[in-house]
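See structure below.
The values are calculated or read from the model by the stated rules, or taken from the named source; none is laboratory data. Quick caveat, the model's predicted, so the values are computed rather than measured. Neighbour counts run over all protein chains shown; Cβ positions are idealised from the backbone, glycine included.
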Amino acid sequence: MEEQYSDEEMREMQYGPGIQLSGRELYSLQPLGPELFHLYVLGLRSGMDAKTGVVQMAYSTLKMKTRREPRPGVGGVTYDRPKMRRMLAVLEEVGLIHSFDGGAEIAVRCVHAELDGDGDSAGGPGARVMASYRINDAELDALSGEGADLFQLYVGAIRPRMDYKTGVVGRRVRLSYQALKEWTERAGRSGVRFLAHDKSKIQRMLARLEHLGLLRKVGRRGDLVFACPLADTDSHDQKQADTESIQVDRPVKPKPRKASRDLSTRRKNRQADTHQVTGKTLNPSPPTPLTPAARWGWRD
């Protein structure tokens, strides 16, 4: 039976003007694999308030946004609520989102997203590797219902290397099947196996992107050179996001904010609390913080 959605949920599922992905977001997402990349970008970031970085939505909306529609030879995929909770917990553990008590089932802030008015101020390891780039609503509409693997290949591996002057990818930075494999592989972690696509699967996915109108082959036979017909180019005031590599560099330890230093000073100057009867100094134990898994109602 086909699921029914309210008018409000249908409005939440619209992608609007597209998604501006920062280099730091891509840096954090790359080793997590296609499903988490897909859930974060298409599921959460497409519904983010660009002024506050906040996302509030129902699980049914997130499920609908990240579904893969069945087609001949390819089965449909939808995430159930327990799986979405596990995935949200991982995104919080790696620092991409921060959950809070809001008025919706899912209430998070996208920590590394560039907000309106930020300009080029976003810092962090990924910002030194590549510039931010925008995926427009035409591209998102074409990718809707296509699933995580195809979404990550186009959004995470191909589009960041497009030359914004020409709208072509594969000339300034050469593409190869090995490079595409490395840019879309999932690093192994506790409870999750290493994942890498073989050449034949990448060929099938590139053919699917051509079929959807997202890529058009322009190079010589055997070359991986494509135009991106739906992507915005320099005529749309896009940043140049073509880079020589996307090597992961070592994260830089963030400097403490001024507010944190002020708080530290206040703590030093504050008189210690004492017991009302004995006069002895009280040293209460700090509260045990909840882990992301516990906040999302999921534990190993």
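Remarks
Condition check ((1) at pLDDT 95 or above; (2) of a type outside the set (S, T, N, Q); (3) over 20 Å from Asp137 (Cα atoms); (4) not in a strand (DSSP E or B)) across all residues:
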position: Met1; (1), (2), (3), (4): no, yes, yes, yes
position: Gln20; (1), (2), (3), (4): no, no, no, no
position: Ser28; (1), (2), (3), (4): no, no, yes, yes
position: Tyr40; (1), (2), (3), (4): yes, yes, no, yes
position: Ala50; (1), (2), (3), (4): no, yes, no, yes
position: Tyr79; (1), (2), (3), (4): no, yes, yes, yes
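- Test for Asp101: is it at pLDDT below 95, assigned to a loop (DSSP other than H, G, I, E, B) and either of a type in the set (Asp, Glu) or under 13 Å from the mean Cα position of the chain (by Cα) (or both): yes
- Candidates are the residues of the range 61-76 that are touching a residue at least 40 places away in the same chain (Cβ under 8 Å) and surrounded by 16 or more Cβ atoms within 10 Å (Cβ to Cβ); the one that is nearest to Gln30 (Cα to Cα) is Thr66.
- Leu180 vs. criteria touching a residue at least 24 places away in the same chain (Cβ under 8 Å) and buried (at least 16 other Cβ atoms within 10 Å of the Cβ): yes
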